[in-house]
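One structure is given here, and the rest of the page talks about it.
The values are calculated or read from the model by the stated rules, or taken from the named source; none is laboratory data. Not measured: the values here are computed from a predicted model. Because the Cβ atoms are built from the backbone with ideal geometry, glycine has one as well, and the counts that use them run over all protein chains shown. Protein only, heavy atoms only, side chains kept; ligands, DNA and RNA dropped before computing areas. Shrake-Rupley method; radii C 1.70, N 1.55, O 1.52, S 1.80 Å.
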Amino acid sequence: MTRSFSFNGLWRVVRWDVASGWRGYLAGLWAAASLLLLMFIVNSRVIGGSLVALTDAQSMGYKADLVLSAFVFAMVCGASFATLGLGDKSRRAAFFMLPATQLEKFVARCLQFTVGLAFMFVVAVAVADALYLVFCLIVGTNGGLHSVLVLFAGRLAEAVSEPFVRQLDPGESNAALGIYFVAAFVWLQSLMLVGSVLFTRYQFAFTCMGMLVCYIILGFSFPSLLRERVPFAFFEVAAAVLPVLIAADYVLAYRLFGRMQLVGRKWINV
């Protein structure tokens, strides 16, 4: 008898994933924090013969924008690693033998590249921010001590809310514009998810190449859409269509996920 979805089963999968891959998670977190710290430090300058960390408003805003861009990139492209670690035959066998349904395993993997990845990114920013504050105390600053994490949180809140409060022409809906931007972000993420379970190797590279080919075809088929000002009706239609495409992508990804075998094909899972 097929068991229904259970949060206990979901928790077992998440717990197993964390227990079996915690070294990789810590390595990824430290690599992200180190890269962010390097980005912060590179912005320093030699002033009066001494190295000084630039912490004026313009420099700190630049750092916050870099972190925001990195966050968007990580959240979209991170979905291409939804099957990370399952390339190893022994780990895939252990994953298949977990006392959980396919849906519970699929949801657990989705939570990792959404909630889990966002949490890890924030922790990486916090670590880099703390180390950067120590660096500022050692070398000095040109604008006092400031937290990149706080500025990043403000930039993120502003980026999410801006489409909903933007000044538009009469008859144009902020709700449609806001839904479009959120749905476009989630749609790109869902495409990466499909690529993660469709391809058995090089998921990120193959998915990006596929999206690039589609973009080029779209550009040649509808050149005015990329060269001219997009009519607002496009955002209204897209706001209605994209949620359907997102649902279709998740259904397709789940079906492909359910077809994964212990010994998979060389390139794709179909």
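Here are the numbers:
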item: Cα shape, region 63-128, gyration tensor, a/c 1.5 rule; result: prolate
item: Under the Karplus curve 6.51 cos²θ - 1.76 cosθ + 1.60, θ = phi - 60°, whole-Hz ³J(HN,Hα) for region 111-126, x wherever Gly or Pro sits; result: 5, 5, 8, 10, 5, x, 5, 4, 5, 5, 5, 4, 4, 4, 5, 5
item: Cα-only Debye scattering, region 1-143: base-10 log of I(q)/I(0) at q = 0.21 Å⁻¹; result: -1.22
item: Approximate shape of region 22-96 as ellipsoid semi-axes (Cα gyration tensor, √5λ), whole Å, largest first; result: 38, 14, 7
item: Dipole of the chain [Lys/Arg +1, Asp/Glu -1 at C-beta], most positive-end residue of Gln102, Gly116, Val160; result: Gln102
item: Scattering profile of the chain at q = 0.09 Å⁻¹ [log10 I(q)/I(0), Debye over alpha-carbon scatterers]; result: -0.56
item: Computed helical MRE - 222 nm, the chain, DSSP H runs ≥ 4 contributing -39500 (n - 2.57), nearest 500; result: -24500 deg cm²/dmol
item: Solvent-accessible heavy-atom area per residue, rounded to whole Å², over region 56-112 at 1.4 Å; result: 44
item: In sequence order, calculated HN-Hα J values of region 240-248 (Karplus, 6.51, -1.76, 1.60; Hz; x Gly/Pro); result: 8, 7, 4, x, 5, 5, 4, 4, 5
item: Protein accessible area in the chain, 1.4 Å probe - carbon and sulfur %; result: 71
item: Cα-based Rg of region 96-188 normalised by 2.2 N^0.38 Å, two decimals; result: 1.62
item: Solvent accessible area, Å² - Glu172, 1.4 Å probe, full protein context; result: 50
item: Longest segment of the chain lacking chymotrypsin sites (Phe, Trp or Tyr not before Pro) that sit in a DSSP loop with at most 16 other Cβ atoms within 10 Å; result: 6-201
item: Among Leu103, Leu168, Leu68: highest mean-square fluctuation, GNM of the chain, C-alpha pairs under 10 Å; result: Leu168
item: Placed amide H near Val52: partners under 5 Å, 5+ positions off or other chain; result: Arg45, Val46, Ile47
item: Residue-by-residue Karplus 3J(HN,Hα) for region 19-33, coefficients 6.51, -1.76, 1.60, Hz, glycine and proline x; result: 5, 8, x, 5, 5, x, 5, 5, 5, x, 5, 5, 5, 5, 4
